[in-house]
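Student: Sharing a structure with you now.
None of the figures in this text is laboratory data; all of them are computed from the coordinates on show. This one's a predicted model, so the numbers in the text were calculated from it and none came from an experiment. Note that we place each Cβ from the backbone using ideal geometry, even for glycine, and neighbour counts take in every protein chain shown.
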Amino acid sequence: MPEKTTDSLVTFRHPFALRDVVGTQPPGTYQVETVELTIEGLSFVAFRRISTTITLPAVGTSSARRQFVEIDPADLAAAQERDASNGKGDHDAPAPIPIAAGETCFR
């Protein structure tokens, strides 16, 4: 199956936390990579997300080192929503699944 990788940058203006990441991360711009596989056998083009990773500064090492952590895209969307509301908001509220233009969501 053909694979599609999408790289994007997300910027946080406030410290933020993600469920799959230990600790609070500082404000800044972070690289996010999403890998999707083509769903074959359909009459239209569709993709299935297989992973989303965020690049973070490695803990306890020089600033040139990075760590790659697999995250839940819905958790990332919720963190971005909290950041947009000045870092406040309901941290336990369910987040919508982010759908970009051209993507199809199957539930």
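Student: Does any residue in region 19-33 that is closer than 13 Å to residue 52 by Cα come within less than 6 Å, Cβ to Cβ, of a residue that is assigned to a loop (DSSP other than H, G, I, E, B) and not basic (Lys, Arg) six or more places away or on a different chain, and which pairs are these?
Tutor: 20/71
Student: Does residue 55 count as surrounded by 13 or more Cβ atoms within 10 Å (Cβ to Cβ) and in a strand (DSSP E or B)?
Tutor: Judged against the criteria, residue 55 is a match.
Yes/no per residue for (1) closer than 14 Å to residue 68 by Cβ; (2) touching a His at 6+ places or on another chain (Cβ under 8 Å); (3) of a type outside the set (Ser, Thr, Tyr); (4) assigned to a loop (DSSP other than H, G, I, E, B):
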residue	(1), (2), (3), (4)
5	yes, no, no, no
8	no, no, no, no
11	no, no, no, no
19	no, no, yes, yes
22	no, no, yes, yes
29	no, no, no, no
33	yes, no, yes, no
43	no, no, no, yes
